[in-house]
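**Student:** The structure under discussion is supplied below as structure tokens; questions concerning it will follow.
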Ligand code: EPZ
């Protein structure tokens, strides 16, 4: 596994350009394959998850590549296979979006059931119930979801709890169904809105995205278009917290402050000074962060993906903070933070953090993408050197994080993996050459 060596203690200073949103890129690259004709997508982050979804779609027959201007081209016309391979799908839960695509485009889908991951059990029961409501016959055989529908027919679907993935998967399937679909209790995340705007630019008819009722009037066909996706609010929030934990001063560029409202408010409560313009956020931290209580929630609440980075900052805050995680089981990183001297106790869905004056460097391991980010932030503040293994998990959702941190003054070195990367070795995809 690749590693990062970080020597802490340097306040981050300078400007950093935030990349496009991973959680927008993944559904939009899949949605591009609903069309007839080429789409050209801008602001797509070149991270591992984007390569994984691209390889899955290539295996199904689509042509996908980055050009010299880093724009992603998607030509779906050759997409004619309905069986997605276990080896790739198991790597990333968002691969399950191809189910909605294949049902809409081919009327048939065989996709491995996405397993659980470091965030606990992650069922797809809401997705399957929604596909059945649209008229698909759905079964699970030998670990594969098998879904088939000669024609998808629009219907009214109530989603049991706010679910980004379910909302997205059903938008994809319903976009080319016969008649209207109403998604009740739909997710309101900015990435859902971004997908809706892209689908409508292709000729779809999606209304209400960003509210909890989305109406999709199915159309017979969609056309490829050019589109630029939104910037990554989770990467932006990660850098805001990195500034807070190191006592630095940063200007984040290419951001949408409105998408970070709850994060901005919580960082201000912790004592960070924040100024925003239409597409930048200046953040500075002149004092030890103040302890803040926090509860994660669906958008516009505090994002679960920033719970772990924020907890890293709370581990050196002045006082005790209580962090409640309401969406996933995602406290496995706490054991790793303890190795660095953090004083954290977890009781079911709640972590109680007593801020310490200083963390110390240690050997730690990333257990999931955002846990890895939390460990990077803790290492930036820790006394001495920290070795973080499992960095390919961080590369899944952050484009060149170590490069960006070095440009801001951090002492970060990447220790490459000893043997060839399994993904590259197995697939030798030209896409990976550009990483
Ligand atoms: C998306 O995951 C994001 N992933 C996650 O980001 C993010 O943490 C999550 O939304 C919440 O915002 C992508 O966009 C690729 P959900 P998703 O469906 O869609 C339960 C990251 O680090 N549920 O909104 O899988 C589920 O278990 C990743 O970038 C069911 O019970 O999340 C969870 O408790 C991590 N049955 C809750 O709903 C279902 O069929 C919300 O999950 C579906 C979901």
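The values are calculated or read from the model by the stated rules, or taken from the named source; none is laboratory data. Being a predicted model, the structure only gives us computed values, none of them experimental. Every residue, glycine among them, receives a Cβ derived from its backbone with ideal geometry; neighbour counts consider all protein chains shown.
**Student:** Which ones in the stretch 300-320 are in contact (Cβ under 8 Å) with a residue 60 or more places away in the chain and either crowded, with 21+ Cβ neighbours inside 10 Å or not assigned by TED's automatic domain parsing to the domain that holds residue 239 (or both)?
**Tutor:** 303, 305, 306, 307, 308, 309, 310, 311, 312, 313, 315, 316
**Student:** Condition test on residue 61, is it in the same structural domain as residue 198 (by TED's automatic domain parsing), in contact (Cβ under 8 Å) with a residue 60 or more places away in the chain, more than 15 Å from the ligand (Cβ to nearest atom) and on the phi > 0 side of the Ramachandran plot?
**Tutor:** Here the answer is no, as residue 61 does not meet what is asked.
**Student:** Let me ask another. Report, by residue number, each residue of the stretch 205-237 that is touching a residue at least 40 places away in the same chain (Cβ under 8 Å), assigned to a loop (DSSP other than H, G, I, E, B) and within 18 Å of residue 173 (Cβ to Cβ).
**Tutor:** Within the stretch 205-237, 218, 219, 220, 221, 222 qualify.
Listed here are the residues, each with its yes/no results for (1) outside the structural domain of residue 309 (by TED's automatic domain parsing); (2) buried (at least 24 other Cβ atoms within 10 Å of the Cβ); (3) within 25 Å of the chain's Cα centre (by Cα).
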position	(1), (2), (3)
322	no, no, yes
329	no, no, yes
344	no, no, no
360	no, no, no
372	no, yes, yes
378	no, yes, yes
402	no, no, yes
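**Student:** Mind counting the residues in the stretch 1-45 that are modelled with pLDDT under 95 and closer than 20 Å to residue 234 by Cα?
**Tutor:** 0
**Student:** Of the residues 138, 206, 145, which is farther than 18 Å from residue 96 by Cα and at pLDDT 95 or above?
**Tutor:** 206
**Student:** In the stretch 183-204, which residues are assigned to a loop (DSSP other than H, G, I, E, B) and touching a strand residue (DSSP E or B) at 6+ places or on another chain (Cβ under 8 Å)?
**Tutor:** Within the stretch 183-204, 185, 186, 188, 202, 203, 204 qualify.
**Student:** Would the stretch 21-38 turn up any residue that is closer than 25 Å to residue 405 by Cα and away from the ligand (no atom under 16 Å from the Cβ)?
**Tutor:** no
**Student:** Please verify whether the stretch 64-81 includes one or more residues that are within 16 Å of the ligand (Cβ to nearest atom), closer than 30 Å to residue 180 by Cα and in a loop (DSSP other than H, G, I, E, B).
**Tutor:** Scanning the stretch 64-81 turns up no residue that is within 16 Å of the ligand (Cβ to nearest atom), closer than 30 Å to residue 180 by Cα and in a loop (DSSP other than H, G, I, E, B).
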